[in-house]
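Participant: Sending over a structure as structure tokens; questions will come in a sec.
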Amino acid sequence: MSMTMTQKILADHAGLKEVKAGQLIEARLDMVLGNDITSPVAINEFEKAGFNSVFDKSKISLVMDHFTPNKDIKAAQQCKQTRTFARKFDIDNFYDVGNMGVEHALLPEMGLVAAGECIIGADSHTCTYGALGAFSTGVGSTDMAAGMATGKAWFKVPAAIKVELSGKLPQYVSGKDVILHLIGEIGVDGALYKSLEFMGDGLSSLSMDDRLCISNMAIEAGAKNGIFMVDETTVEYMKGRVNREYKIFKPDEDAEYDRVIKIDLAALRPTVAFPHLPENTKTIDQVGEVKIDQVVIGSCTNGRLEDMKAAADILKGRKVAQDVRCIVIPATQHIYKECIRLGYMDIFIDAGCAVSTPTCGPCLGGYMGILAEHERCVATTNRNFIGRMGHNLSEVYLANPAVAAASAVTGKITDPQEVM
């Protein structure tokens with residue numbers, strides 16, 4: 001029987017020769033992830049079930065990133081509970097204030113996820129690691145608890161959609177525009193419980209940062225996971241990071257897909273998702289006059305070094321518009337240091353931006369950038385639902401870092417070419 005990339009990984013981890021879409025399987029896990037919001041719930045379930053050990057202390061990652069440094073007493077209590085659990089079971093990969101990062105940027109950077117692996121995380125954007133050719137998906141905190149104890153999880157094998165990429169991205173167009181274009185085409189439920197499998201000649205023009213961004217937002221199309229074919233770019237990224245053997249799974253030539261979508265990267269334009277769904281997309285040429293109050297550049301979607309560079313290139317020698325707040329959040333401490341070394345921090349601060357330690361804060365309306373009534377924000381984040389970043393009557397527009405930076409300069413949603 002022919003299989004997709006995802007089906008091959010799941011079959012391998014279930015100890016089966018083959019699996020098919022819709023089949024229920026139990027698979028062994030290579031990594032179980034939680035953060036400061038979801039881990040406490042999982043810990044409560046872990047203790048309620050009477051578990052007294054973890055399956056492998058090197059295959060659990062606990063990252064304090066959503067409300068850290070703690071924004072209030074509740075956040076402090078959540079981190080304390082997770083910290084106590086991590087110390088009790090001597091968890092190797094516990095990341096706290098000072099050495100943490102936004103989880104889905106941190107784990108690939110640290111080599112904790114690799115091609116061919118099976119990964120779950122109590123966060124919906126755990127699908128990010130498909131950029132490395134892994135099966136990676138978000139789960140509930142109860143599944144996280146069971147995974148920490150047993151090293152296994154149940155899955156229904158997903159059907160798949162093939163996304164064939166060709167061409168090369170134009171200037172000021174990035175992976176963010178690829179995934180927004182795709183979501184705009186198929187809708188927020190267009191890949192519901194399916195695997196989005198990315199392949200084609202166009203892969204060679206996409207950086208790992210582009211791919212991590214695209215896989216990250218697979219969930220915004222309803223997908224179970226988003227996965228890329230492993231190529232030289234993937235292998236080079238893992239070199240020096242991943243210190244263990246990994247497997248590369250390629251789809252069979254006659255693998256069955258529910259649908260094939262073709263995207264010519266060269267034809268894409270900077271794309272903006274209007275409120276209040278990621279599918280509500282317009283190209284930058286269709287945007288019109290949209291004045292803004294805030295810009296956020298960062299998150300697990302676009303807080304990586306290439307994102308920081310794209311923003312710095314636009315902001316260099318320019319100032320953030322009067323009455324616009326521009327918040328820049330490098331996704332990890334390493335990226336933060338690289339921004340200092342490369343002079344990006346001077347550019348951001350001189351332009352009038354506020355620069356933060358790594359945190360998810362503003363993306364989910366937690367802190368570090370809450371919106372007031374009727375305020376509008378251009379964000380490089382992944383969701384723009386009603387009330388996502390603050391007041392229910394605020395608006396979030398999703399865009400790539402170059403568009404976000406250009407918009408910060410002009411005070412309205414702007415094509416980067418207009419300010420360069």
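The values are calculated or read from the model by the stated rules, or taken from the named source; none is laboratory data. All values reported here derive from a predicted model rather than from experimental measurement. Quick reminder, even Gly has a Cβ in these numbers, built from the backbone with ideal geometry, and neighbours come from all protein chains shown. Heads up: the accessible areas ignore ligands, DNA and RNA and are worked out on the full protein's heavy atoms, side chains in. Shrake-Rupley method; radii C 1.70, N 1.55, O 1.52, S 1.80 Å.
Participant: Of the listed pairs K59/K262; K20/K247; K71/K291, which have alpha-carbon separations greater than 25 Å here?
Facilitator: K59/K262; K71/K291
Participant: Okay, moving on. Roughly how big is the chain's charge dipole about its Cα centre, with Cβ charges of +1 (Lys, Arg) and -1 (Asp, Glu), in debye to the nearest 20?
Facilitator: Using Cβ point charges on Lys, Arg, Asp and Glu, the chain gives about 740 debye.
Participant: Let me ask another. For the chain, with a Gaussian network of springs between Cα atoms less than 10 Å apart, report the residue from F198, F89, F348 with the top mean-square fluctuation.
Facilitator: Highest fluctuation of the listed residues: F89.
Participant: Give, rounded to the nearest 20 debye, the magnitude of the charge dipole that the stretch 275-333 has about its Cα centre when Lys and Arg contribute +1 at Cβ and Asp and Glu contribute -1 at Cβ.
Facilitator: In total the dipole reaches around 260 debye.
Participant: Say each of V419 and D285 gets a label point 7 Å from the Cα, pointing the same way as Cα to Cβ; how far apart are those two points in nm?
Facilitator: 2.2 nm
Participant: Restricting the calculation to Cα positions, tell me the Rg (one decimal) and the Dmax (whole number) of the chain in Å.
Facilitator: 20.4, 62
Participant: When all alpha-carbon pairs of the stretch 18-176 are counted, what percent fall beyond 19 Å?
Facilitator: The share of Cα pairs beyond 19 Å in the stretch 18-176 comes to 56 percent.
Participant: Same structure again: DSSP loop trypsin sites (Lys or Arg not before Pro) in the stretch 238-281 with at most 12 other Cβ atoms within 10 Å of their Cβ, which ones?
Facilitator: Passing sites in the stretch 238-281 are K239, R244.
Participant: What relative contact order, as a whole-number percentage, does the stretch 1-158 give when Cα pairs under 8 Å and 6 or more residues apart are counted?
Facilitator: Here the relative contact order equals 34 percent.
Participant: With just the Cα atoms defining each centre, how far is the stretch 367-420 from the stretch 97-127? Give it in Å.
Facilitator: 26 Å
Participant: Can you compute the label reach from A372? Point 7 Å from Cα along the Cβ direction, backbone N cut-off under 19 Å, restricted to the stretch 391-416.
Facilitator: Counting only backbone N, you get 391-397, 411-412.
Participant: State the answer as a single residue: which of I60, A115, L315 lies farthest towards the positive end of the charge dipole of the chain, with beta carbon charges of +1 for Lys and Arg and -1 for Asp and Glu, about the Cα centre.
Facilitator: I60
Participant: Can I ask one more? Let's test the formula: R0 of 35 Å, r as the Cβ-Cβ distance of R241 and R269. What FRET efficiency results, to the nearest 0.05?
Facilitator: 0.55
Participant: Which of rounded, prolate, oblate describes the stretch 239-340, given a ≥ b ≥ c as roots of the alpha-carbon gyration tensor eigenvalues and a/c under 1.5 marking rounded, otherwise prolate only if a/b is larger than b/c?
Facilitator: Oblate, because a/c is 1.5 or more while a/b does not exceed b/c.
Participant: Counting heavy atoms of the protein chains only and a 1.4 Å probe, report the per residue accessible area for the stretch 342-381 as a whole number of Å².
Facilitator: Accessible area per residue: 36 Å².
Participant: Report the relative contact order of the chain, percent, no decimals, based on alpha-carbon pairs under 8 angstrom and at least 6 residues apart.
Facilitator: Relative contact order comes out at 17 percent.
Participant: Run down the aspartates and glutamates and flag those whose C-alpha is under 15 Å from the C-alpha of K156, throwing out any fewer than 8 positions away in its chain.
Facilitator: Partners within reach: D12, E18, E26, D143.
Participant: Given springs between every Cα pair under 10 Å in a Gaussian network model of the chain, which of C339, C300, C377 has the largest fluctuation?
Facilitator: So, out of C339, C300, C377, the one fluctuating most is C339.
Participant: Just want the answer: with Cβ charges of +1 for Lys and Arg and -1 for Asp and Glu, which residue in F385, S356, A404 is farthest toward the dipole's positive end in the stretch 283-420?
Facilitator: Looking along the dipole axis, the top candidate is S356.
Participant: Let me ask something else about it. Classify the stretch 39-128 as rounded, prolate or oblate from the Cα gyration tensor: take a ≥ b ≥ c as the square roots of its eigenvalues, call it rounded if a/c is under 1.5, otherwise prolate when a/b beats b/c and oblate if not.
Facilitator: oblate
Participant: Would you kindly derive the ³J(HN,Hα) couplings of the stretch 281-294 from the backbone phi angles with the Karplus curve 6.51 cos²θ - 1.76 cosθ + 1.60 (θ = phi - 60°), listing them in order in whole Hz, with x for Gly and Pro?
Facilitator: 9, 9, 6, 4, 6, 9, 5, x, 8, 10, 6, 10, 10, 8
Participant: Write out the cysteines belonging to the chain for which the nearest other cysteine Cβ is not under 4.7 Å, or none if no such cysteine exists.
Facilitator: C79, C118, C127, C213, C300, C339, C360, C363, C377
Participant: Another question, then. Looking only at Q77, Q294, Q286, which one moves most when the chain is put into a Gaussian network model with springs between Cα atoms under 10 Å?
Facilitator: Checking each option, the largest mean-square fluctuation is seen for Q286.
Participant: Distance cut-off 23 Å, Cα to Cα: go down the list K168/K282; K239/K316; K8/K176 and report the pairs above it.
Facilitator: Cα-Cα > 23 Å for K239/K316; K8/K176; rest within.
Participant: First compute the accessible area of the stretch 270-315 with a 1.4 Å probe, then give the percent of it belonging to carbon and sulfur atoms.
Facilitator: 45 percent
Participant: Compute from the Cα atoms of the stretch 159-277 the Rg and the Dmax, the latter being the longest Cα-Cα distance, and quote both in angstrom.
Facilitator: 14.3, 44
Participant: State to the nearest 20 debye the size of the charge dipole of the stretch 229-342 about its Cα centre, where the only charges are +1 on K and R beta carbons and -1 on D and E beta carbons.
Facilitator: 800 debye
Participant: Between beta-carbons, use under 14 Å as the cut-off and find the net charge around G202, counting Lys and Arg +1, Asp and Glu -1.
Facilitator: -3
Participant: Which value, in Å², gives the accessible area per residue of the stretch 133-199 when a 1.4 Å probe is used on the protein heavy atoms?
Facilitator: On a per-residue basis, the stretch 133-199 sits at 32 Å².
Participant: Okay, moving on. Can you give the three extents of the C-alpha atoms in the stretch 134-189 along their principal axes, from longest to shortest, in whole Å?
Facilitator: 47, 23, 19
Participant: So if I restrict to the alpha-carbon atoms in the stretch 2-49, what is the Rg, and what is Dmax, the biggest pairwise distance, in Å?
Facilitator: Reported Rg and Dmax, both Å: 14.8, 42.
Participant: Tell me the carbon and sulfur percent of the accessible area for the stretch 36-119, rounded to whole percent, probe radius 1.4 Å.
Facilitator: With neighbouring chains kept in place, the figure for the stretch 36-119 is 51 percent.
Participant: Just going by the charge dipole of the chain, with Lys and Arg at +1 and Asp and Glu at -1 on Cβ, which of I214, V188, P330 is farthest out on the positive end?
Facilitator: So the residue we want is P330.
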